[in-house]
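Worksheet for the structure shown next.
The values are calculated or read from the model by the stated rules, or taken from the named source; none is laboratory data. Because the structure is predicted, anything quoted here is derived from the model rather than measured. Ideal geometry is used to build each Cβ from the backbone, glycine not excepted, and the neighbour counts take in all protein chains shown.
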Amino acid sequence: MTQPSVRRPDGAVPPLQVAPGAGARVFRAARRVRLGDVRPGDGARLDALARYLQDVAADDIGETEVAGDHRWVVRRTRLEVRRRPRYKETVDLVTWCSGIGAAWAERRTSIVGSAGVAVEAVSLWVSLDPVTMRPAPLGERFGLIHGPAAAGRSVAARLLHGPAPAGIPWRVWPLRVGDFDVLGHVNNTAGWAILEDELARDAPGARVGTAEVEYRRAIGDGAEPGPLGQVRVCSARWGDIMRVWVSDDAGEVALSAVASLVALGG
């Protein structure tokens with residue numbers, strides 16, 4: 001079985017270490033790794049790291065936007081995991097806008113613990129009109145506040161991951177009420193929980209070097225969840241590369257993930 005491509009316009013993985021522009025707005029916060037964040041072995045789970053990124057982004061935007069300006073949904077997040085933060089470790093999160101598009105923006109975040117940098121992250125967020133929930137231009141105010149950090153870098157919102165190959169078996173993943181967010185959709189962190197689960201099934205003991213989750217469409221109709229339903233998951237591994245796809249109840253791929261495994265037992 002041939003591994004499907006991860007389509008990138010230039011055929012390269014974008015660098016995660018991009019410094020903010022001069023005079024940029026840089027937002028800082030701190031989190032302590034709690035018991036509910038860690039997996040056996042006490043390293044923070046990927047979905048916990050994604051929650052930290054989501055929270056610090058919301059805190060940054062919450063300080064600068066007029067209430068109701070935008071609703072933001074994540075299109076893609078990539079992590080470079082140098083080490084997993086440990087239980088009870090306090091980590092500093094440093095985040096800034098690293099690129100701007102028509103109705104979307106890129107955000108870089110460094111997660112730094114007592115032993116140094118643990119995770120570098122880059123996310124692409126799409127701005128939605130709070131009434132129509134359609135992509136909405138960022139506007140002049142956003143550019144004035146976050147433009148200096150982006151330093152003129154522009155970003156595109158195209159999807160990069162390929163489809164699942166034919167012949168891979170799918171399994172059911174039941175949805176829980178805790179998977180849904182305030183918009184009535186499955187929260188983006190659930191995709192990272194699925195990737196973590198597939199890694200445990202197919203590559204126990206493997207250490208993740210990089211991982212990326214891409215969101216193609218929302219799961220859920222925006223209403224109070226109720227019957228919760230289920231999604232289907234398939235995954236495949238090619239050497240040190242793990243690929244995962246998740247389809248919704250209509251049979252459409254809603255999100256996909258790719259992870260590189262750099263060692264076993266690390």
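Of all residues in segment 183-195, those that are in a helix (DSSP H, G or I) and surrounded by fewer than 21 Cβ atoms within 10 Å (Cβ to Cβ) total 1.
Among the candidates A121, A156, the residue that is part of a loop (DSSP other than H, G, I, E, B), closer than 24 Å to A24 by Cβ, in contact (Cβ under 8 Å) with a residue 24 or more places away in the chain and not polar (S, T, N, Q) is uniquely A156.
Would you mind stating whether R107 is at pLDDT 95 or above and crowded, with 20+ Cβ neighbours inside 10 Å? For R107, the condition - at pLDDT 95 or above and crowded, with 20+ Cβ neighbours inside 10 Å - is met. The residue of segment 22-34 that is modelled with the highest pLDDT, among those that are in a loop (DSSP other than H, G, I, E, B) and not basic (K, R), is V33. Scanning segment 35-64 for residues that are touching a residue at least 12 places away in the same chain (Cβ under 8 Å) and not in a helix (DSSP H, G or I) gives V38, R39, D42, G43, A44, R45. Among the criteria (1) modelled with pLDDT under 90; (2) among the aliphatic types (A, V, I, L, M); (3) under 29 Å from G41 (Cβ atoms), the one V258 does not fulfil is (1). Any residue in segment 164-172 that is in a loop (DSSP other than H, G, I, E, B), touching a residue at least 24 places away in the same chain (Cβ under 8 Å) and within 19 Å of A105 (Cβ to Cβ)? There is no residue in segment 164-172 that is in a loop (DSSP other than H, G, I, E, B), touching a residue at least 24 places away in the same chain (Cβ under 8 Å) and within 19 Å of A105 (Cβ to Cβ). Within segment 37-78, the only residue that satisfies the criterion of being of a type in the set (F, W, Y) and surrounded by 21 or more Cβ atoms within 10 Å (Cβ to Cβ) is Y52.
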